[in-house]
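The values are calculated or read from the model by the stated rules, or taken from the named source; none is laboratory data. The model shown is predicted, which means the values in this text are computed figures rather than measured ones. Note that we place each Cβ from the backbone using ideal geometry, even for glycine, and neighbour counts take in every protein chain shown. Please note that ligands, DNA and RNA were not included when accessible areas were found on the heavy atoms of the full protein model with its side chains. Shrake-Rupley method; radii C 1.70, N 1.55, O 1.52, S 1.80 Å.
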Amino acid sequence: MPSNYRSFRKSVPWLILFLETVFIILFYFSFQRYDALIRNISYTDFQDVNNMVIFGFGFFLAFLKRYSFSSTGFNLLIIVLGVQCSILMEGLLVLLQEPNKHDPKIITMAAVSMTAVAISSGAVLGKTNPLQLIVMTVVEIIIFHVSRWINKRFLQVPDNISMKHVHLFGAYFGLAVSSRFAEPSPRSEKNASTPKSDLLSMLGTLFLWVFWPSFNSVLAYGDKTKAIYNTYFALAVSAVTAFTLSVLTTKDGKFRMTHVHSAALAGGVTVCYTAESIDYPWIAMILGLLASVITILGSFCLQRCLNPALKIHDASGVHFTFGLPGLLGAVAQVVLLVIKKWTVLPSLGYMVMIYIGAFCLTISVALITGFITGLILNFKLLKIIPVSKYFEDQFYWEFPHLAVGF
C-alpha cells in the first residue's frame, strides 16, 4: 500500500457509526411500536428475498480472482445498511401519502429495493472503496424511492409496478456511476477469473435462480401462484437457451460459464413485470427464450462496440444481465396490456403512455442521478483508489499468512 494513502480507520468506521446513530434516532421517532409493522408479514417471503440479496448477489459478484473477499463482504455491509435506510424512506413516503397506513411488508420491500444497490455495485465492482460504496448505497436508495414516489404521485403507477423497475434502475444507475471511473488496463491480470472464482460466482447464480420465483411473487398483487409458475417456466427456458447459445457462439463448440452465469437469470428479470398477469405458460417460456438470446447477443455487441465507444467499463456485465432483460420485460408488459385491453380503446392509449412513461422516467432518473453520484464519488474526500489498486482484496483486508503482496 502506498505510504501516502491514508488508512480507512479515520473514515469508514466513523461514517458507519454516524449513519447508525441517525438511523436509530429516526427509527425511534418513526416506528415506536412493532404492532403496525409485523402484522400479517410472511417470514418465508422475507427469508427468500433476504437469501437472494445476501447469498445470491454476494457470491454472484465473486468472480474476480483477487476480489472475492470484498465482493461478498462489502455486499453484506451495504445490504444491511441499505435495508435500514430503505425502511425509513418507505415509511416516510407512506406517511406523506397515507398518514394512517402502515405497510406490513415494509421490511420485505426494503430487502427487494436493495436489489438495485446490489446490481449497481456490480457495475463498479473492484473500483470503489468501502467509503464510496456506503455513500453510493445511501444516495441510490433515497433516489430510487423518490423515483417510485414520482411514478405513483404523478403517473398513478401502482406500488408493485414501480418496485418492479428495481432491475432497470440498478443497472442504469450503476452504469452511469461507472462511467465516471477510470477504466482499468485491458491487460490487467487482476481483472480476470479463475475456475475457483467462477465456481463461487455460479453458486451465487444458483441461489438467485432458485429464489427468483419467490422474489417475483412478492411483487405480485394478483395471483401469486401464477407468478411463481410463470417465473419458473421463464427461468427454465432461459437456462436451457443459455446452454444452447453458449455452444453455438464459442469457437470450439464448448460451454462457457460466463454465458450460463448471466443468461440463466434473464428470464426471471424479464417476466418480473408480467408474472402474475400471464395466463398461458408458453408466453412466459417465449419471454424466457428471448431474454436469454438478448443477454448473450447483447454481451457481444455491448462489450465490443457500445461500451468502448461510451468509455464504460461494466465490471460484471449488469447491462446485458439485468438492464436489457429488464427493458424487454417493460416492453412485454406494454404489449401484453395492449393485447388484453384492446377492446377498451378510449383508456388503452392512456394506460400505454403511463407504463411507457414510467419505465422511461425510471431510466432517465437513474442515468442522470447516477452520473452526478459518480462525480461525487470521485471527490478526494472519499479517497478514490488508483487504477493500479483496482480489483485487490489485499488493499482492504488482512491476510496474515502473506508476508508480502500478491
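Working only within segment 390-406, note down all residues that are open to solvent by less than 70 Å² (accessible area, probe 1.4 Å), out of contact with any Gly (no Cβ under 7 Å at 6 or more places or on another chain) and at pLDDT 85 or above. Spell out the reasoning first.
As a first pass, look at segment 390-406 and keep what is open to solvent by less than 70 Å² (accessible area, probe 1.4 Å): 390-396, 399, 402, 405.
Narrowing the set further to residues that are out of contact with any Gly (no Cβ under 7 Å at 6 or more places or on another chain) leaves 392-393, 395-396, 399, 402, 405.
Result: Glu392, Asp393, Tyr396.
Among the listed residues Lys341, Lys311, which satisfies the condition of being of a type in the set (Lys, Arg) and free of Cβ contacts under 8 Å to residues at least 24 places away in the same chain?
Lys341
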With respect to Phe211, determine if the residue is in a helix (DSSP H, G or I), out of contact with any strand residue (DSSP E or B) (no Cβ under 9 Å at 6 or more places or on another chain), of a type in the set (Phe, Trp, Tyr) and more than 25 Å from Ala62 (Cα to Cα). no
How about segment 320-378: which of its residues are over 17 Å from Val117 (Cβ atoms), of a type in the set (Ser, Thr, Tyr) and open to solvent by less than 70 Å² (accessible area, probe 1.4 Å)? Ser347, Tyr355, Ser364
Could you please let me know if Ile385 is in contact (Cβ under 8 Å) with a residue 24 or more places away in the chain, in a loop (DSSP other than H, G, I, E, B), of a type in the set (A, V, I, L, M) and open to solvent by less than 40 Å² (accessible area, probe 1.4 Å)? yes
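Just checking, how many residues over segment 17-64 are assigned to a loop (DSSP other than H, G, I, E, B) and modelled with pLDDT under 90? Walk me through how you get there before you give the answer.
Kept after step one, since they are assigned to a loop (DSSP other than H, G, I, E, B), are these residues of segment 17-64: 31-34, 39-42, 61-64.
Right, trim to modelled with pLDDT under 90 and you get 31-34, 39-42.
Summing the residues that are assigned to a loop (DSSP other than H, G, I, E, B) and modelled with pLDDT under 90 in segment 17-64 gives 8.
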So how many residues does segment 262-284 have that are open to solvent by 80 Å² or more (accessible area, probe 1.4 Å) and either in contact with a helix residue (DSSP H, G or I) (Cβ under 6 Å, 6 or more places away or on another chain) or part of a loop (DSSP other than H, G, I, E, B) (or both)? 2
For the subset of segment 218-261 comprising residues that are among the small types (Gly, Ala, Ser) and open to solvent by 10 Å² or more (accessible area, probe 1.4 Å), which member is farthest from Phe322 (Cα to Cα)? Gly253
For segment 285-295, how many residues meet the condition of being within 19 Å of the chain's Cα centre (by Cα) and either closer than 18 Å to Val218 by Cα or surrounded by fewer than 24 Cβ atoms within 10 Å (Cβ to Cβ) (or both)? 1
Hey, could you check segment 65-98 for residues that are in contact with a Gly (Cβ under 9 Å, 6 or more places away or on another chain) and not in a helix (DSSP H, G or I) and say which is least open to solvent (accessible area, probe 1.4 Å)? Tyr67
How many residues, within segment 144-160, are crowded, with 18+ Cβ neighbours inside 10 Å, within 17 Å of the chain's Cα centre (by Cα) and under 18 Å from Ile107 (Cα atoms)? 3
Pairs, first closer than 16 Å to Glu90 by Cβ in segment 30-49, second open to solvent by 90 Å² or more (accessible area, probe 1.4 Å) and modelled with pLDDT of 75 or more, C-beta under 6 Å, six or more apart: none
